[in-house]
1. What Rg and what Dmax come out for region 34-110 when only alpha-carbon atoms are used, in angstroms?
2. Whenever you get a sec, compute what percent of the accessible area on the chain sits on carbon and sulfur atoms (1.4 Å probe).
3. Please work out the average accessible area per residue across region 59-145, using the 1.4 Å probe convention, and give it in Å².
4. To the nearest 10 square angstrom, what accessible area does Thr80 show with a 1.4 Å probe?
5. Quick check: residue separation of Tyr64 and Ala121 times 0.36 nm, minus the Cα distance between them. What number comes out in nm?
6. Any chance you could run the full-extension gain for Asn10 through Ala76? It's 0.36 nm times the residue separation minus the Cα-Cα distance, nm to one decimal.
7. Give, rounded to the nearest 20 debye, the magnitude of the charge dipole that region 2-143 has about its Cα centre when Lys and Arg contribute +1 at Cβ and Asp and Glu contribute -1 at Cβ.
8. I'd like the FRET efficiency for Ala90 and Ala55, computed as 1/(1 + (r/R0)^6) with the beta carbon distance as r and R0 of 22 Å, rounded to 0.05.
Amino acid sequence: MNILVLNGPNLNLLGMREPEIYGSATYADLQALLQKEAHKLDIAIEFFQSNHEGALIDAIQAAYGRIHGIIFNPAAYTHTSIALLDALKAVGIPTVEVHISDPDQREPFRQVSYLRPACIATIKGKGLPGYVEALHLLHERYHQK
Ligand code: CA2
């Protein structure tokens, strides 16, 4: 099974700013955590982070026919991007939306997700373990088929 972990804008700064919201673990820590869990589950995992909407769209398109599940924290694009919604719908790859914080408990502008309709689940407010939960969810779904 091949899994792609996509992270949107500013998530490369994890652990460097706003630890009270996003914790003190870094993006490299997140990669190591998921890599370890993926190894246990015999999953081939790859990571892509970008601050650019078009680059994230390109990564979703390139996943078509190759990747069996996407773990996606679209960061601020969650609340703005019809283009990312269209890309997820176009490829039809099972995708889990993950947020480190709970955007529904924050500012009103964070309480809308354009991407949720194209995702099989949303995991929010659980910190980095939320990504691990998403990995397990995609793994179970893949092996149910
Ligand atoms: O809670 C999440 O995971 C978010 O997707 C994070 C986004 C935010 O726009 C969403 O509403 C919720 C922001 C990511 C910014 O990441 C940073 C990490 C460390 C320091 C500064 C920003």
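1. When restricted to Cα atoms, region 34-110 yields Rg and Dmax of 13.5, 40 Å.
2. Values: 3750 of 7240 Å².
Answer for the chain: carbon and sulfur cover 52 percent of the accessible area.
3. Working: 4080 Å² over 87 residues.
With all protein chains present, region 59-145 gives 47 Å² per residue.
4. 90
5. Working: separation 57, 0.36 × 57 = 20.52 nm, distance 1.95 nm.
In short, 18.6 nm is gained.
6. Details: separation 66, 0.36 × 66 = 23.76 nm, distance 0.87 nm.
Gain on stretching Asn10 to Ala76: 22.9 nm.
7. Numbers: 11 positive and 15 negative charges, 31 e Å.
Result for region 2-143 is approximately 140 debye, rounded to the nearest 20.
8. Values: r = 16 Å, r/R0 = 0.74.
E between Ala90 and Ala55, to the nearest 0.05, is 0.85.
The values are calculated or read from the model by the stated rules, or taken from the named source; none is laboratory data. Note that the structure is a prediction, hence the values are computed from the model and not measured. Heads up, the Cβs are rebuilt from the backbone with ideal geometry, glycines too, and the neighbour counts pull from every protein chain shown. Calculation scope for accessible area: heavy atoms of the full protein, side chains included, ligands and nucleic acids excluded. Shrake-Rupley method; radii C 1.70, N 1.55, O 1.52, S 1.80 Å.
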